[in-house]
Each structure stands twice: as structure tokens, then as C-alpha cells.
Number of protein chains: 2
Amino acid sequence: MKPVKVGICGLGTVGSGTFNVLKRNAEEIARRAGRGIEVAQIAQRRSNPKCDTGTTPITSDVFALVDNPDIDIIVELIGGYTVARELVMRAIENGKHVVTANKALIAVHGNEIFAKAREKGVIVAFEASVAGGIPVIKALREGLAANRINWVAGIINGTGNFILTEMREKGRAFEDVLKEAQALGYAEADPTFDVEGIDAAHKLTILASIAFGIPLQFDKAYTEGIAQLTTADVGYAEALGYRIKHLGVARSTAQGIELRVHPTLIPADRLIANVNGVMNAVMVNGDAAGSTLFYGAGAGMEPTASAVVADLVDVVRAMTSDPENRVPHLAFQPDALSDHPVLPIEACESAYYLRIQAKDHPGVLAQVASILSERGINIESIMQKEAEEHDGLVPMILLTHRVLEQHISGAIEALEALSDVIGPVVRIRVEHLN
Amino acid sequence: MKPVKVGICGLGTVGSGTFNVLKRNAEEIARRAGRGIEVAQIAQRRSNPKCDTGTTPITSDVFALVDNPDIDIIVELIGGYTVARELVMRAIENGKHVVTANKALIAVHGNEIFAKAREKGVIVAFEASVAGGIPVIKALREGLAANRINWVAGIINGTGNFILTEMREKGRAFEDVLKEAQALGYAEADPTFDVEGIDAAHKLTILASIAFGIPLQFDKAYTEGIAQLTTADVGYAEALGYRIKHLGVARSTAQGIELRVHPTLIPADRLIANVNGVMNAVMVNGDAAGSTLFYGAGAGMEPTASAVVADLVDVVRAMTSDPENRVPHLAFQPDALSDHPVLPIEACESAYYLRIQAKDHPGVLAQVASILSERGINIESIMQKEAEEHDGLVPMILLTHRVLEQHISGAIEALEALSDVIGPVVRIRVEHLN
């Protein structure tokens, strides 16, 4: 069979990785796919001196590529929402299949993109948009198709995980590690997307949709960053047998879908608590399979290219099939998506780590315990440290049983109003991930 | 669309799990697959009082089911090589697709089965044959399709991993834990398949074929069991920073394919070294994705059913497509399989843990070091314990760098011939899994 012709839009890190993998493993890929995959044209705004594109035709106009009648599949790797959205919509309009690594685009404009793709009978594949080289979208959408998914929990931002790993292993402060991560190229000059959880929320939004069969609803995701985390809390968590990870959690409950990214205490003996450095991992809990975990490099040139090229092979196989029999974009048939609502954070349920700075008075613990018990909050364990010398304050650390966020918020307000409690109460969610 | 009709052969643990998952999640599965999956008939030799099959027609003749013209897909869950092989071949001959959880059947008769399936244009799906609820065959065959796979390493027998976990955590002896595993139902009355590595070798044979695109060659797999492992070695490994796991390793080298199951020291900080109890995990190293890991329940009623039903959904989607565009049974096109040979164990390369019981004489270490260096074996580290009181022998533990098995075998022969070395030298392979 003659090779399938692919156009690559964007020749940055992932674009050049994709070009290189397609070239280096061309024979291996053809042995699998049954036909070759040929890069027919590349669109790039700036040339990439690190990528030897040989005789492959290059254009600076991404739209020329999308309009090229010889090209069957467009690989969108330019990132962002604006040009990328226009490009993908026009590619679909032109009847071309699309492979993208763009999590922001899918999380924010995915519903519109998939509706248009359905109308035109084309495939939009996006394995590379979540967790780089880990084929977790395929696992969730196909491998676990027998299951009613209960929850998904993932370390899906390598930068954040690198920072937390360094904080724990070396007792370093957040700001200090962030600067190193920027110097190493793990973190952007503006680290907001990574450390504030926005990047993770994009990915979690996608995972939640394919896990539960709901439309993409990035605007309803709750995000809380790791910039406020102190080495003190990292240390206390460790002493209690937990690790702190920046976790994306999507859970299906009778009331609705929880969709939240925040620092999270996880028992240290869980496999996912031991995922360190820039590595990613996603846990999925299904009613039949139980808990599974998928681990690997969540970013980087070739791991992400691995996902892009796997999508290309999938598209090559599926492009001649009846669109009705393809794997649906969001795992569930478009007319069978659920309107189960995404819950506001106050309606989410979790266990909690609370750190209270209290004056070293008798009776403080009784006051604290009473505020919690009035709101039906059960204490799982408590750790009271020695008074710190410089201020005479006692850090009191509590772990609670699972409770609605709104009850904890009310309790924290009441705790902070106590005259013996000084400064804000630190609240970190706890997930046991059984 | 009208439901696809499925016949289940065998209503044991996995059979009843499959029936239950299809019934319980019928709506969820139809929302995904776009059509229902209906169990039209069940064949069982003995009735299973634990499974309420309602009004589903039952026959005691598995071949009646295979010849039933109303049935599109046969689910083979009777196990074994004999009747199962006949059943599957006849189902294919009758133009039916097959889903099976039978690792022995695929590892031993897969080449013949897939050739016949190709001839008849039907699909034989076997995700459930390896690592139960973990969709690792899909990950390797599709999710990592961009990669040249370097190696696969897996904990793929839950019974063995349960025994090793208990030995390490509680210092218990092999025989003692085996008896408990039998009482708990984790191990069969005849535990040979599990503890001697035969079951793991069946699964590894399958993983190796789809990783490297080679025909199934179970007869060439090297297997070594865990029955000889002592708590002493488990403890020494721990002291050196390693865990002992019963690992299946398949590695592609310039000379050929290594295919081996044996006890293995793994650095304790590797994620896979922390996979405990009956859980399974498979690591895959590809040239683009790097190392990925897939973890979950490797056996059990519903985890295995999860894989069977996911295969059913895949078959439902692919059955109407052009057979040439389907995912090939062994990941690579049948005419593009490789004849890269499977290596005998003597030609495999590994690092080694050696335990030598020596008389407490000066000069023994020099003799040992000289034997190793003559054969080009470099020592990575050495640990010499105090003489044990009862016999005055000194356990000397060596970790070597990577070397061909034949050189280690030669060295061990020479070491055992030393007059100061008493009894056999213990040899356990070491894999760093970077």
C-alpha cells in the first residue's frame, strides 16, 4: 500500500521529535502499520537548526499545509488556543484527520472540535496531550472499556513533581527549586501554568471526560497550586507516613463529578507516592479492574513524539473504517454523553491535613476538637509538636476522616477565630487511593 | 444497531466474572461500543452455583456453542491446551471471532491459531492472557507502536510475588508462605506452574512476540523458579539496597532475543521493586518513550473479566473493518515478523549476585577475585559477613557488573572447585531496569 502523507505543523521540541522518530523508526512503524507514514510537508514559522529535515518540503504558512490536497493527516504541534484552533478546524473542514499534543486546545475547545470532526467523519487523536509517553488515554478509553470508572488520580505535571521531589528529598524551599527547574528548562520563565495547576487541570479535564463520558468542562475544574507549600508541611506529612504530591483527582459520586487539582497527602507506601522527579503517573480505579497505574515520562521530545506517532498509526488503521465503528473521541458515543454535573469544590469530599499554630495553653486542643466534632468531622490522628522556641507557638497537626469541603471550610473559619490560634490554618487534602 | 451475540465457554471464575461485568455494566458498555453485547449462550461442563445466569441458554457441549450460527464471538475461558485448542480452531474455521484469557494456549499454539485466523479473516483477542486487568498488550501493541522496544520486564505471576513479598516483609520461609498461599486460594494444589515460572514464561513469551515482532517461541524460554530462594538471600539483597522479584525479562540485543524468567535483584528505589503482594506490573523500555510501567491486579475474577470485556468491545468495533487494517495479532504484520533468534541462557547478559560460603581463611578473597578477573568479570561491590558461629563459614556476597551468563557459569564452576569454598555458590541475576 502507498504511504500515508502527513503534514507536521510546528517544528519545536515535539515537532522535531516526531519528525525524528518517524524517520528513525520508519521501517519498524511500517512493519506494524502495514504501510509507511511519510512526512510530506512541514510548516514552521522559525527554522529549527536542531532538526535535519533533509529534502522534506517546508512552508512558513501553516494554512498552506492544511490546504495541501496531498496530505491525509495534520499533526498540530504549534500549541496555544488561537491559531491552533483555527488550524485544526480548517483541517477538519478540509476532511483531514488531525493528531495533536495540545492539551489546552482540547480541554478548552474540544467539544466544538469533536462535533465538527464527527460532522466531517474525521478523527482527532490526542494521546500526546496527557502524560506524554504514557498511553493512558488509550488505556482509559479502550483498555478499561469494561469498567464503570470510579476515579482517576494523576501526577500529570512533571515540573511540579520535580519541585515537590526536591523539596522532600533535600528539604529545599519552593522558590529555590523553582529557580533550578527554570535553569534546567523543566519550568517556563512564567511558571504559572505548571505550578498553579492549570496545565494539570487541562489534562485532568480530558481524563475526566473520557473516564466518565461527560463533555469537556475545563472552566469547572478547581485548581490550587503548590507555591504556598512549606518544607515544614512536607516534613510533617513525611513524619505521618505520607508524601505530598500535586495531584489531579476526578471522582464520580452520586451527586456529580469532582474535578480538582491540588497538593495532596498520599500514604507513602502507595506506588504513586513514589513517583519522583519529572515522571508522571496516572491511577485509574474501575469497578471491575480495581486500581491500575500507568507510569512514564510525561513530557520531553521523544516521549511526547512516541504518543503522536502511535496516534498516527491508529489513524492510519482507522481512517478507512466506518466512522460509526471508531473509538469515540470522548470514549463514549457522542449522543450518549452524560450531563452529570461537575461539583463545586465545596461539594467535594476528601480527608484533610490541618496544621494549626496555637498558643501553648491547656484547653486549646479541647476547643479545636469541639469545633471539629460540632461539624461532624472525625479526627483520624493528631500530632502535637514541641513549642517552637522563637514564638512559643505549638504546631498542631490533625488528619481528619473524609468529609465535605464545606464543613472543613466552616471549621477552619471557626478555628482561625479562636484567640489561641495564630495565623491561618494550613489545609491540605488527603487521598488514600485504595 | 442490534446487539452483538457472544458465547461464553467455561463458567468458572473468569467466565462468571465476564458474565457479571457484561450484565452489570451493560448500559455503560453500550454507551461506549455503540451497541449492546449480549451473552446468547453459555457452555459449561459443571454448573456454577455462584453465577446467576438467569434465562441465558446453557449447554454442556462447548462445540454446540461454537457451531451456533447466531453467535458472532466466542469467549474461550476453559483453559488448558487440548479442548481449548480444538474449540478455538473450530470457532475460527466457522468464521467466528475469539476472545481468550488462555496464556498457555496462545504461548504454545498461538502461531497456528493466528495463521488460521488470518486465513479466515477473524480476530483472536487475548488481552486477558497477560497480567489480568492491566491493558498491557494494548499498550505494547498500539500505545507504544512508535517505538523500537529495547526490553520488557514484568512481575507477571501474582502467586510468586505474594510469596516473595511475605518472605521479605516477615522473614518467612518459602515453604511456609506457599502453604498459606494455597490456603488463601492464591496458589494451586500443584504450585509448579506458578513457582517454577512456567505461567510467567507463557506470559513473557506473548509479551516478547508483540514487543519485538517474533513468532511465539515458548519452548525457547528459560525458566527458573523461586523454590530455592532462602530468607538469607532475601535479607542480604535488602542490605545491599535491592529487592528480589520473580521477573520475566525479554530483551532485544544485536545477537538475538533474551527470554528468561528467574528470581532477580532489582534496586529497591525502582517503582517495580515496590510492587507487592499479588499485584502485577510490566515495565517496557522503548527508544522513544523511555521506560513506562503498567501496574494492576494480574488475576482474579473481575480484573481478568475487565480485559475479556475490553477485548469484546474492540472486536465489536473492528469486526466490520477491512482485516488488513486491523491491529495485527502479534503487533507486526504477519509477513513482517522477524527471525531474530531467541538466545540460550548461556548467551544472555546480566549482572549477578553471588553468595559464596567460604572458610574463614586469609587468601580466599584473593582466589575468588582472581577467578572472576580471569573471566573478565568486574566486581561492583562486595559484602563479607562475620563468620557464622555454628560452622565457622563466612558468607561472601558479590555483585558483578553485566557479563555473559556463560562466563559466570564458568566462574561458579571454578569457585566451587576451591577447597576453601563449601557447598554450591548461589547465583541470582541482577537487573537495574534504568
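The values are calculated or read from the model by the stated rules, or taken from the named source; none is laboratory data. On a predicted model such as this, the values are computed, not experimentally measured, just so you know. Don't worry about glycine lacking a Cβ; one is built from the backbone with ideal geometry, like all the others, and counts go over all protein chains shown. These area figures cover heavy atoms from the full protein model, side chains too; ligands, DNA and RNA do not enter into them. Shrake-Rupley method; radii C 1.70, N 1.55, O 1.52, S 1.80 Å.
Summed over the residues of the stretch B:1-146 and divided among them, the accessible surface reaches 37 Å² per residue at a probe radius of 1.4 Å. Taken over the Cα atoms of the stretch A:156-233, the convex hull encloses 98 Å³ per residue.
Could you list which residues have their amide H under 5 Å from that of residue B:288, counting only those 5 or more apart in sequence or on another chain, with H placed in the peptide plane? The list, which skips near neighbours in sequence, is B:148.
Here residue A:47 yields copy-to-copy label distances, from shortest upward, of 8.0 nm, the label point defined as 7 Å from Cα along Cα to C-beta.
Among B:168, B:260, B:375, the residue with the largest mean-square fluctuation in a Gaussian network model of chain B, with springs joining Cα atoms closer than 10 Å, is B:375.
Heavy atoms only, probe 1.4 Å: what % of the accessible area of the stretch A:50-172 goes to carbon and sulfur, would you let me know? C and S atoms contribute 46 percent here.
Using the alpha carbons of the stretch B:240-304, what is the convex hull volume per residue in cubic angstrom, as a whole number? List each step's numbers first, then the result.
Numbers: hull volume 8.0 nm³, N = 65.
Dividing the Cα hull volume of the stretch B:240-304 by its residue count gives 123 Å³.
Hydrodynamic analysis of the stretch A:22-68 uses the Kirkwood radius over alpha carbon pairs. Inserted into Stokes-Einstein at 10 °C and 1.306 mPa s, it gives a translational diffusion coefficient of 131 µm²/s. Listed by chain and number, the lysines whose C-alpha is less than 21 Å from the C-alpha of residue A:203, apart from same-chain residues fewer than 8 away, are A:103, A:138, A:220, A:245.
Rounded to the nearest 10 degrees, the inclination of helix B:103-120 to the longest alpha-carbon principal axis of chain B is 40 degrees. Calculated from the alpha-carbon coordinates, the stretch B:317-434 shows an Rg and a Dmax of 22.4, 75 Å respectively. Counting only DSSP H runs of at least 4 residues, each contributing -39500 (n - 2.57), and dividing by the residue count of the protein assembly as shown, the helix-based mean residue ellipticity at 222 nm comes to -10500 deg cm²/dmol. Taking the longest Cα principal axis of chain A as reference, the axis of helix A:82-93 is set at about 50 degrees.
Explain nothing, just the number: relative contact order of chain B, from Cα pairs under 8 Å at least 6 residues apart, as a whole percent.
Details: 901 pairs, mean separation 70.5, N = 434.
Once normalised by length, the contact order is 16 percent.
Determine by what factor the alpha-carbon radius of gyration of the stretch B:282-374 differs from 2.2 N^0.38 Å, reporting the quotient.
Details: Rg = 24.2 Å, N = 93, 2.2 N^0.38 = 12.3 Å.
Taking N as the residue count of the stretch B:282-374, the ratio is 1.96.
Per residue, the accessible area of the stretch B:346-430 comes to 47 Å² when a 1.4 Å probe rolls over the protein heavy atoms. Where the alpha-carbon atoms of the stretch B:1-79 are placed on the principal axes, they occupy 33, 28, 23 Å, in descending order. Residue of chain B with the Cβ closest to the rotation axis carrying B onto A, and that distance rounded to whole Å: B:321, 2.
The stretch B:251-292 and the stretch A:312-359 have Cα centres separated by 30 Å. In the stretch A:136-297, with Lys and Arg counted as +1 and Asp and Glu as -1 at Cβ, which of these residues, A:240, A:215, A:259, has the Cα nearest the positive end of the dipole, that is, farthest along it? Result: A:215. Placing unit charges on each Cβ (+1 for Lys and Arg, -1 for Asp and Glu) gives the protein assembly as shown a dipole about its Cα centre, and among B:362, B:273, A:201 the Cα reaching farthest toward its positive end belongs to A:201. Roughly speaking, to the nearest percent, how much of the stretch A:225-341's 1.4 Å accessible area is carbon and sulfur? After summing per-atom areas, the C and S share lands at 52 percent. This model, with +1 at the C-beta of Lys and Arg and -1 at the C-beta of Asp and Glu, gives the stretch A:136-297 a dipole about its Cα centre of some 560 debye.
Taking all protein chains together, B:360, A:194, A:219 sort by accessible area into A:219, B:360, A:194, largest first [probe 1.4 Å]. In this structure, the amide hydrogen of residue A:222, modeled 1.01 Å from its nitrogen in the peptide plane, lies closer than 5 angstrom to those of A:259, A:260, A:261, counting only residues at least 5 positions away or on a different chain.
In 10 Å bins starting at 0, how do the alpha-carbon pair distances of the stretch B:136-296 split up by percent? Calculated over all Cα pairs of the stretch B:136-296, the distribution is 11, 41, 34, 14, 1 percent.
Compared with the dominant principal axis of the Cα atoms in chain B, helix B:174-184 is inclined by about 20°.
Give the range of the longest stretch in chain A that excludes all GluC sites (Glu not before Pro) found in loop regions by DSSP and having at most 10 other beta-carbon atoms within 10 Å. Before the final figure, lay out each step's value.
Working: sites that count: A:386, A:389.
Longest stretch, sites excluded: A:1-385.
Could you give the Stokes-Einstein D for the stretch B:37-193 in µm² per second, using the C-alpha Kirkwood radius, 20 °C, 1.002 mPa s?
Working: Rh = 18.3 Å.
Here the translational diffusion coefficient equals 117 µm²/s.
Karplus-derived 3J(HN,Hα) values for the stretch B:136-153, using 6.51 cos²θ - 1.76 cosθ + 1.60 with θ = phi - 60°, are 7, 5, 4, 4, 6, 7, 10, x, 10, 4, 6, 9, 7, 7, 8, 7, 10, 9 Hz; glycine and proline are entered as x.
Each copy carries residue A:253; placing its label point 7 Å along the C-beta direction from Cα gives inter-copy distances of 5.5 nm, listed from smallest up.
Across the copies of the chain, residue B:391 has label points (7 Å from Cα along Cα→Cβ) spaced 6.3 nm apart, shortest distance listed first. Where the centroid of each part is defined by its Cα atoms, how far is the stretch B:1-58 from the stretch A:37-86 in Å? With the stretch B:1-58 and the stretch A:37-86 each reduced to a Cα centre, they are spaced 48 Å. Of all beta bridges that DSSP places with both ends in chain B, some 70 percent have antiparallel geometry.
Rg/Rh, computed from the Cα trace of the protein assembly as shown with Rh as the Kirkwood radius, has the value 0.98. When you work out D = kT/(6 pi eta Rh) for chain A at 10 °C and 1.306 mPa s, using the Kirkwood radius from C-alpha pairs as Rh and the Stokes-Einstein form, the result is 69 µm²/s.
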